[in-house]
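One structure is given here, and the rest of the page talks about it.
Only the coordinates and a few stated rules stand behind these numbers; no lab work does. Worth saying up front: this structure is predicted, and the values here are computed from it rather than measured. Every residue, glycine among them, receives a Cβ derived from its backbone with ideal geometry; neighbour counts consider all protein chains shown.
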């Protein structure tokens, strides 16, 4: 999964948006209304945002309330089901082709973290090392290494290590995953794939075979260790940039033919490049983006020197006409990263009217980004290989279902928790009890194939049993889990502090 | 892997041979000389057969000495290396689309068993359940079931259970395999694949992505549990029908680009259909072939009623002109299955001259096939799921390397054999000793990347160590191994008896 940043040449008169190519129309802008119409997705309205806030008892993330995540497919149905007590899982990803992430890369992960915490649902994160290898002039071994490096930055966003599974395609590939790939692939002809993705006769057959790899995680039985072997055990919600829509349009088209649910989507606009909407953030031009590895000095320099300004050419012009917020990058970036709505509004008014100068808004942006990036770097430093292994562990503790089977799972796994390291016979007893309970549960409450997230298959029970017997956590993995929990807690504490500050400011303002 | 049987309509004027379509030229015959020229492979000559007999100290299999396996790619290089003490591994396969095999399906497996025993090398057998699903109107679950059913018939051929790994793609798919697939796929464009396999815009993207799945097992690191993680640990020899040549032409073209050896090939003619060269053996017409499940009565009836005869239309005509051996199916089939060269020659002379009648040669064929099929059925009945699991076990005992590292492996694994079921610390000691020994071996005898079959990677040692700790054989698997060994012994005993009889007859004749 690659999140393309807005870019490419201005010469193009028609806007083009595919997973590998995003170019604006003749006016240098992406026409998002047109995109929504062409792709056939829906815009997110106030009513949907309110319903999300109500059922999660959480204030909407700025990306949501400011329309940065602006489009969806069946997000309303996910919310309706959630209102009735039905859970789902989140799926997002990244194509690992660079050493470190830039701020635009963080956007979907920050939003996904918010979704995970607000809805309290499990999450899978795909790293498409295979995709990057197939498309770029890179060795597979390098892409696999980059996947692990990038995963450290992703983990540093503070995902819950107990409910988050990060995987790289080349390492995770297994029967459950491949079976889904093959079933999806049979439903799509070359001509169809050509229409969706623009393949040509020169495309390599790995590229042509790739879309099912990105489609597969939309089905929960790709992850039997988390969701069981039932393709309808859980519905899937995918947060991504809108350029990934073609993959999931294809996935939704074939879902019913392979016996699964259509994945729902929540889609973002593109993160504007530092040098302006029509510029491209590029790894070969380090001044075109701010990286999570940049120092305070680099951040300041880049913003002052390279951030495209919509302000007047001179102080006088700015005072007289104000700034053009439509093209001003500091203003756009503040919309992403300044959490305080009131302060943002004030800046917009002052800068737009000419009361505030370009240097001032750039300084505000520096003040917002510097601590954000420094905080990220601190958390990233805590993500050792041991911590990362907790996220990558495909025999992850089944505690992921704590929330899904709240009542009895908590009891049962609490019991297991106390017994860990105990003998096999104890686990056998527990598994038998659990199996019995699940059978009862199945008989009384759930229909076969219904979406409450209760995998009942004998196979899954067997796998789970084997896993429990094998994976009584060691001291090492326990400390790694603690460390990962610490990273998450730090991220949460910071968010809470910000929210408190924002609330205080909000109160002061009203 | 699908071995196509000669067939299709006679109307076609140009012969077409692809993995999915074999149709003869205007004269209803396959022009093998033309095929060899077009494909760019070589014919097997007397000299090469003699060298094989000399270095294996084994008389050439009838399929080889009668030119039924007639073409090759670099088989001479495999033999040259073998003469110098270098081993290789065998790779063959089948596309499981029918419940039971017909006699034509047995041909490559019978020959592969002979190669395995003569050269004393390990063998991998791929069941392409994914291919059959992608090409046929079948559910994947059915193809997976058929793979297991077909594997029972394959195991009944008597392969050495300790050096044979049977796998079905949908079940075995794993990181090591996928990494090879992706690397191969990157080297082949759609246009190239179209040229080799005849894909069109209506081909599904699973089909287009499939050739790398059949290509991958040509590289030993697809099987780290057997051959380690070094792509050049062993060379590969592939026995198959010549219609599979396109897959391996492609594989050989990309081998050096992904850092592997080109696989060598030994290729057979097509097994003629019962109703004649231009007829097709078809699952929908049970009289078109003899199945390994047929009764003695069915065999007799099918041969008498349906076997295409090249004999005279009347007794008088046959006495006068003799039979046309070029098109006579009983004669062709005897060439495959009658081991006694002298007797075969005699039949050919008598039948060709008119001394022998069609009814007589058909009776000889019935007498050859009936005990062969009955013997197969007896051995097949012994292949329980437990026995099959021994062949399918991907954590197979590393004893597969007994022959490759004869001197010290025998000693080391003998030690392990005695210790099995023992504590971890004993295994640790053993592994450390083995590791030390392999390091020395590597330093003194083998170059990194050389082909003696000695994987030295740290990773592989780790995997092997883990496996040894985990897989001390249980009573159950031991008895299954014994049972499988019994099947093999029965097959060998029978072959020895036949050989002895043939030798006796040969002596009597001279």
How many nanometers, to one decimal and shortest first, lie between the label point of residue A:394 and those of its other copies, if labels sit 7 Å from Cα toward Cβ? 0.8
Using 0.36 nm per residue of separation minus the Cα-Cα distance, give me the extension gain between residue A:149 and residue A:345 in nm, one decimal. 66.8 nm
Among bridges DSSP assigns within region A:42-185, what percent are antiparallel (round to 5)? 15
Among B:63, A:165, what is the fewest-to-most ranking by other Cβ atoms within 10 Å? B:63, A:165
What order, most packed first, do the peptides A:379-391, A:248-260 have when packing is the mean number of other Cβ atoms within 10 Å of each residue? A:248-260, A:379-391
Report the residues of region B:163-207 in range of a label on residue B:253: point 7 Å along Cα→C-beta, backbone N strictly under 11 Å from it. B:187-198
Copies of residue B:259 compared via label points 7 Å along Cα→Cβ give distances in nm, shortest first, of 3.9
How would you classify region B:7-165 from its alpha-carbon gyration tensor, with a ≥ b ≥ c the square roots of the eigenvalues: rounded for a/c under 1.5, else prolate if a/b is greater than b/c, otherwise oblate? oblate
Among A:325-336, B:317-328, what's the highest-first ranking by average C-beta atoms within 10 angstrom per residue? A:325-336, B:317-328
Taking neighbour counts of Cβ atoms within 10 Å as a proxy for exposure, in what order, fewest first, do A:267, B:162 appear? B:162, A:267
Quick one: grab the alpha carbon gyration tensor of region B:235-342, order the square roots of its eigenvalues as a ≥ b ≥ c, and give me rounded if a/c is under 1.5, else prolate or oblate depending on whether a/b is larger than b/c. prolate
Exercise: per-residue mean of other protein chain Cβ atoms within 10 Å, A:325-338: 0
Within 10 Å of each Cβ in A:209-216, how many Cβ atoms from other chains are there, averaged over the peptide? 3
Taking 0.36 nm per intervening residue step and subtracting the Cα-Cα distance, what contour gain separates residue B:489 from residue B:360 on full extension? 43.1 nm
Chain A residue with Cβ closest to the axis mapping A onto B, distance in whole Å: A:209, 1
Can you give the average number of partner chain beta-carbon atoms within 10 Å of each beta-carbon in peptide A:194-206, as a whole number? 5
Sorting B:372, A:356 on the 10 Å Cβ count, fewest up front, what's the list? B:372, A:356
Going by average Cβ density within 10 Å per residue, which order do the peptides B:134-143, A:73-82 take, highest to lowest? A:73-82, B:134-143
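Is the shape of region A:16-268 rounded, prolate or oblate, going by the alpha carbon gyration tensor and its root eigenvalues a ≥ b ≥ c, with a/c under 1.5 for rounded and a/b larger than b/c for prolate?
Values: a/c = 1.30, a/b = 1.18, b/c = 1.10.
Rounded is the answer for region A:16-268, as its axis ratio a/c remains below 1.5.
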How many nanometers, to one decimal and shortest first, lie between the label point of residue B:496 and those of its other copies, if labels sit 7 Å from Cα toward Cβ? 7.8
Using only Cα atoms, figure out Rg for region B:116-156 and give it as a multiple of 2.2 N^0.38 Å. 1.45
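Which length gain, in nm to one decimal place, applies between residue B:84 and residue B:14 when the Cα-Cα distance is subtracted from 0.36 nm times their residue separation?
Here the answer is 20.8 nm.
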